[in-house]
Amino acid sequence: MRKLTALFLIALLLSACGFQLRGTFRGQLPYESLYIDLPENSDVGISLRRQIDALGSTRLAKNKESAAAIFQQVNDRREKSILSVNAAGQVREYRLQTTYSFRIVDPKGHELVAANDIILMRDITFNDNVILAKDQEEGLLWRDINFDLVSQIMRRLAIVKPKVAGNED
């Protein structure tokens, strides 16, 4: 009985503090409609469209003119750099890093949300004896970075309050 009571109290405390497992974004975006100004085959664009469509509160516009807001990519830089080497000068670890920036504008080009920068990193060990396995692991890490990136973009889109367009003229 004590264990059950303790589990109930822990669950109650975690729910009261706002704890939520990381996963798919479930908030609402402050835009009636949004145009994603990214190529159709862009990994970020595909994931963003899928998540926004799943929300249902924001319509994905077919063109810029019919959208209340336009998502624009400012920067997308992905790099793999050497993190450490062994005594023989062979690579032991790499760092995978993505630097991504985006902004939101209205159809007239007025900035609603200033450029947001997101930097994500993952470290990966390297071993010459298992190159194929390490290539697959690297691919999984890049996919994880992309998932994390889209999740952060969605959270930022939901919490950043857009400026009213036309006030800065």
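Tabulated data for the structure shown
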item: From the options S15, S66, S57, residue that is polar (S, T, N, Q) and either touching a Phe, Trp or Tyr at 6+ places or on another chain (Cβ under 8 Å) or modelled with pLDDT of 90 or more (or both); result: S66
item: Qualifying residue in the range 108-127 (condition: touching a strand residue (DSSP E or B) at 6+ places or on another chain (Cβ under 6 Å), within 22 Å of N41 (Cβ to Cβ) and of a type outside the set (A, V, I, L, M, F, W, C)); result: no
item: First in the range 126-154 and at pLDDT 90 or above and surrounded by 16 or more Cβ atoms within 10 Å (Cβ to Cβ), second anywhere and aliphatic (A, V, I, L, M) and assigned to a helix (DSSP H, G or I), Cβ under 6 Å, 6 or more apart; result: V150/L48
item: Those residues of the range 55-73 which are surrounded by 11 or more Cβ atoms within 10 Å (Cβ to Cβ) and either of a type in the set (S, T, N, Q) or over 14 Å from E32 (Cα atoms) (or both), in sequence order; result: S57, T58, S66, Q72, Q73
item: The range 74-103, residues that are under 30 Å from V130 (Cβ atoms), surrounded by 11 or more Cβ atoms within 10 Å (Cβ to Cβ) and among the aliphatic types (A, V, I, L, M); result: I82, L83, V85, V91, L96
item: Residues satisfying the stated conditions in the range 104-122, i.e. modelled with pLDDT under 95, under 17 Å from L48 (Cβ atoms) and surrounded by 15 or more Cβ atoms within 10 Å (Cβ to Cβ); result: I104, V105, L112, V113, N116
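The values are calculated or read from the model by the stated rules, or taken from the named source; none is laboratory data. Computed from a prediction, not measured in an experiment: that's the story for all the values here. In this analysis, Cβ positions are derived from the backbone assuming ideal geometry, glycine residues included, and neighbour counts consider all displayed protein chains.
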